[in-house]
1. Within the set of pairs 6 or more residues apart or between chains, which connect a residue that is within 14 Å of Phe72 (Cα to Cα) inside the range 8-25 to a residue that is assigned to a loop (DSSP other than H, G, I, E, B) with Cβ atoms less than 9 Å apart?
2. Quick one: which residue in Thr108, Thr38 is in a strand (DSSP E or B) and touching a residue at least 60 places away in the same chain (Cβ under 8 Å)?
3. Scanning for something more than 15 Å from the chain's Cα centre (by Cα), at pLDDT 95 or above, farther than 30 Å from Ala12 by Cα and open to solvent by less than 50 Å² (accessible area, probe 1.4 Å), does the range 108-125 turn up at least one residue?
4. Condition first: open to solvent by less than 40 Å² (accessible area, probe 1.4 Å), among the hydrophobic types (A, V, I, L, M, F, W, C) and part of a loop (DSSP other than H, G, I, E, B). Can you find one or more residues in the range 77-89 that meet it?
5. Can you pull out the residues in the range 38-60 that are open to solvent by less than 40 Å² (accessible area, probe 1.4 Å), touching a Ser or Thr at 6+ places or on another chain (Cβ under 8 Å) and under 14 Å from Val117 (Cα atoms)?
Amino acid sequence: MSVIYVRDRNEALELSFQDVTKYHGSLALMAVAVGFRTLQAAFAELFGEEAPDRKELSILSGHAGPGFRDVFEYVTRAVTRGAYRVDVDYPVAQYDPHRPQSYAFVITAADGRAVEVSLSASFLPAEFYDYLKKGREQAMTEQDVEAFDKLKLALSRRALALPQDELLAIKRIA
């Protein structure tokens, strides 16, 4: 089972992908899975085997969606603590052809060390962005909703299964 370890007031917490999905639900499973893997990669790069303290983390998200927000909140409480910022114009991993929206995330430790984690350009198919656009325009049919839900589920499973270097690019920025 895929887990993330964090500390909260000196208590070690083991948080699973299933825990996060119980918090988020099923609306944006792809984003929850990619966000989960993003935090795993960032924590490994910044802290090695050590579990970071939640209160020492801040996050810049290039994506404004609820799946990324919820996984970052559940694991780090960054939204609640005011340590979460969204910048859809972040210049890395701008893949959506219909609007500004970055699939890059900057996780920063209290000591200033920071890592940028970005989604591979080849991970999301063009139809994913087209479904998002139809949803924003309230033009989704029942068949579209069903097909998009299946696609998001398949992408979430793929995000959890892929080797990290095929899913994400990790860059130390401070």
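1. From residues that are within 14 Å of Phe72 (Cα to Cα), the pairs are Ser16/Met1; Ser16/Ser2; Phe17/Met1; Phe17/Ser2.
2. Sole residue among the options that is in a strand (DSSP E or B) and touching a residue at least 60 places away in the same chain (Cβ under 8 Å): Thr108.
3. Within the range 108-125 (the criterion being more than 15 Å from the chain's Cα centre (by Cα), at pLDDT 95 or above, farther than 30 Å from Ala12 by Cα and open to solvent by less than 50 Å² (accessible area, probe 1.4 Å)), the answer is yes, since at least one residue qualifies.
4. Yes.
5. Leu39, Ile59, Leu60
The values are calculated or read from the model by the stated rules, or taken from the named source; none is laboratory data. If you're wondering where the values come from, they're calculated on a predicted model, not measured in any experiment. All Cβ positions, glycine included, derive from the backbone under ideal geometry; neighbour counts span all protein chains shown. When the accessible area is computed, the model is the full protein with side chains, heavy atoms only, and any ligands, DNA or RNA have been set aside. Shrake-Rupley method; radii C 1.70, N 1.55, O 1.52, S 1.80 Å.
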